[in-house]
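Encoded as structure tokens, the structure appears first; notes follow it.
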Amino acid sequence: MNYKIPGVAVALVSMLCGMPVALAQRGAADRIWTGGPVLTMNDAAMRAEAVATKGGRIVAVGSKADVMKLQGPKTTVVDLGGRAMLPGFVDAHGHVVFGGLQALSANMLPPPDGQVRDIASLQRTLREWAAANAETVKSVNLIVGFGYDNAQLAERRDPTRDELDAVSKDVPVFVVHQSGHIGALNSKALEVIGVNAQSTDPAGGIIRRRAGSSEPDGVLEESAFFAAAQKLLGQLGAGGLKAFAKAGSELWARFGYTTAQEGRSDPTVYGVLRGVADAGGFKIDVAAYPDVLIDRDFIAKNVTPGYRNRLRIAGAKLTIDGSAPGFTAWRDRPYYKPVGNYPPGYVGYPAVKNEQVLDAVEWAYTNGVQIIVHANGEAASDLLIAAHQSSLARHGPGDRRHVLIHGTFLREDQVESYGKLGVIPSLFPMHTFYWGDWHRDQTAGPVLAEDISPTGWAVQRGMRFTSHHDAPVAFPDSMRVLDATVTRRSRSGDIIGPRQRVDVITALKAMTIWPAYQHREEAAKGSIEVGKLADFVILSADPTAVEPDSLDQIKVTETIKEGVAVFTLTPAEQRKADLMLRPDSGGGNAFERFLAAGARHQDAMQLLPFARAAALRAGITGSAGPDPSCSIRYADVLIATMLAGGR
């Protein structure tokens, strides 16, 4: 589907909103939804009883009596059965390509988060996952699982090659330990990566052997494991990346997203995305943001306001610093209690030079290109604000909609400055759940942790903000995003910053109409209004009618893109979801741990030998702390390896 989002559409929508009967004279609707609460995200009429669509657009919203006037002999009337209809969620920031690997991985977690309690159940889960994803297995020729824990298996050991051969002798099988530092491979996978009895242990790694033999038993540790991961994923090539991108978009749709984001790409990765799009592989829209420091001429030539086959380049991406939990965000004050070998007064560091930030922002203003900028620490935001102030003074006011990505550590005066500059804060309230306890105890301290991801300050100033998941750093679970934005409840149950909590409707706007505005697509998306695209999500319950502490238990039962269901929660899909890797009940993410461990291991292997052992030990024990930025960095490494064909 190709469409543009013209500015005049806003005026057209305004004229049509109150005229369902007049529109009825133009023809019957294709579908009418009724029988459940409709939350429109339109302040002028936040609730409705029914919605009608025709040709992928909304033609009526309002009372059931009025909307049913559009019913014709061929109109399908859908009974919501008490379920809630909302606008389709718009991804404010995520990485859909490598989120696809998470979608294409079997859940190896122990109960209650998975079904793997012994070797037999591990084998059974892999077989069932392979059967449920037969098309994907055939396409990529690989079966992958994450999260098994030898300490939780009845046998109290890792699975061997022989036991994984019982899953498949023809398709490589690769399962990753919950630590992210160890993996087990079947014989076919060992053959693919070239590990055999003659192979020697690499520096910083171990190839475990069969008892009394030099033959590998299938379990690889550290350097041996990470080398295997890169070879196995690398041999998938560009075709594998296409499979990941398609699976990622399907995962996003599973959680109600009708627009996804590839939050940092380059011309080569965009070429992969374009191949998927032009082959009809995307059922939802994907907005890509290539890195401004790689090829800005490519961005300027290809940025477009409309989608072609559900894909467009929407702007440019810049990264100023690193991770808040990982102590690599660039702060204006020392970290509270950093875990690791840090000097006194350590404040993190920038990932780029000041001049690069000033130049990139100026280029965006000069060329009329939206730039989204990763800045986690206060010092990073100080630099970004200065860059915007400089360019704004040179170019004057305008509707540019540049974006701050993350903003974990922000001062209140910085939120004020972003508001005056017209910069949209795309915040990451899920930090309060996944890393809230860590921020309280280690990065920021109990006082400053209260204001991480400060959505409340934005609301007090009447600012639009958006909430994102940053998958694969976290899981693209829309209800977890909603829950974190409303409750700010950590894994331990602590409330991290009650004054920064917002109400449910505000949190939903930050997932619908406000990210649509962020993407310059509010004329077509983000609310249920006449004239807009028929992009909807159907939830099992009305989020405004349940206890806030149960928001994360609401399920997405259907996702509709331009009037067509792109995901329906059938029993088969529920079973597929049960088999799919996802965070455990405590918020742990085995896939993210693998990516972060890979990045740290890469860093350690670049050190001199006398420092390498200590660095590897820190990585093994996890004493360096969680580091989401590492996840994206290692994902980039794996993507580059795949594009190079495993070399």
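The numbers here are math on the coordinates, done by the rules we state, and not lab data. None of these values were measured; they are calculated from a predicted model. Virtual Cβ from ideal backbone geometry, glycine too; neighbours counted across all protein chains shown.
On a straight-distance basis, which lysines could pair with residue 420 in a cross-link, Cα separation under 28 angstrom, same-chain partners fewer than 8 positions away excluded? Cross-link targets: 317, 353, 509, 525. Charged neighbours of residue 477, selected by a Cβ distance under 11 Å, balance to +2 (K, R count +1; D, E count -1).
For a paramagnetic label modelled on residue 352 (point 7 Å from Cα along Cα→Cβ), amide N atoms under 20 Å away belong, within segment 308-337, to 313-324, 328-332.
Hey, what did the chain get for relative contact order, percent, Cα under 8 Å, at least 6 apart?
Here the relative contact order equals 19 percent.
Ranking 511, 553, 533 by Cα position along the charge dipole of segment 510-568, where only Lys, Arg, Asp and Glu carry charges on their C-beta atoms, puts 533 farthest toward the positive end. Counting only residues at least eight positions apart within a chain, or on another chain, there are no lysines with an alpha carbon under 18 Å from that of residue 337.
Reported to the nearest whole Å, the Cα centre-to-centre distance from segment 237-257 to segment 118-176 is 21. Round to the nearest 10 and give me the degree value, 0 to 90, for the angle of helix 237-254's Cα axis relative to the longest principal axis of the chain. Rounded to the nearest ten degrees, it is 50. Dividing the helix sum by the residues of the chain, where each DSSP H run of 4 or more adds -39500 (n - 2.57), gives a mean residue ellipticity at 222 nm of -10500 deg cm²/dmol.
For residue 550 and residue 211, the FRET efficiency from 1/(1 + (r/R0)^6), where r spans their Cβ atoms and R0 equals 56 Å, is about 0.65.
The charge dipole of segment 209-335, taken about its Cα centre with unit charges on the Cβ of Lys, Arg, Asp and Glu (plus for the first two, minus for the last two), comes to roughly 420 debye.
Averaging 1/r over every pair of different alpha carbons in segment 136-231 and inverting the result gives a Kirkwood radius of 13.3 Å. Seen from every direction in turn and averaged, the convex hull around the alpha carbons of segment 411-456 projects onto 3.3 nm². Computed on the Cα trace of segment 509-561, the radius of gyration divided by the Kirkwood hydrodynamic radius gives Rg/Rh = 1.02. If you take the Cα centroid of segment 419-491 and the Cα centroid of segment 63-97, the two points sit 29 Å apart. Computed from the C-alpha gyration tensor, the three semi-axes of the ellipsoid equivalent to segment 149-192 are 19, 12, 7 Å, from longest to shortest. Take each peptide in 437-443, 223-229, 91-97, 579-585, count the other Cβ atoms within 10 Å of every residue, and average; sorted highest first, the result is 91-97, 223-229, 437-443, 579-585.
Rounded to the nearest 10 degrees, the angle from helix 378-395 to the longest Cα principal axis of the chain is 40 degrees.
Could you compute Rg(Cα) / (2.2 N^0.38 Å) for the chain, with N its residue count?
Working: Rg = 24.6 Å, N = 647, 2.2 N^0.38 = 25.7 Å.
Against the empirical 2.2 N^0.38 Å value, I get 0.96 for the chain.
Only bridges whose two residues both fall in the chain count here: according to DSSP, what percent of them are antiparallel, nearest 5? Show your work: numbers first, answer last.
On the way: 39 of 77 bridges.
Given both bridge residues lie in the chain, the antiparallel proportion sits at roughly 50 percent.
Treating the angle as unsigned and between 0 and 90°, give the value, to the nearest 10°, between the Cα long axis of helix 590-605 and the longest Cα principal axis of the chain. The two axes meet at around 50 degrees. When the listed pairs 169/242; 74/555; 246/576; 54/246 are checked against a 23 Å cut-off, the alpha-carbon distance exceeds it for 169/242; 74/555; 54/246.
Bridgeable aspartates and glutamates around residue 283 (alpha carbons under 14 Å apart, same-chain partners fewer than 8 residues away excluded): 250, 535, 558, 562. Taking the Cα atoms of segment 420-546, the ratio Rg/Rh between the radius of gyration and the Kirkwood radius comes to 0.99.
Of the peptides 379-390, 113-124, 250-261, 185-196, how do they stack up when ordered by the mean number of other Cβ atoms within 10 Å, highest first?
Numbers: 379-390: 22.2, 113-124: 18.6, 250-261: 26.9, 185-196: 20.2.
With the highest mean Cβ count within 10 Å placed first, the list reads 250-261, 379-390, 185-196, 113-124.
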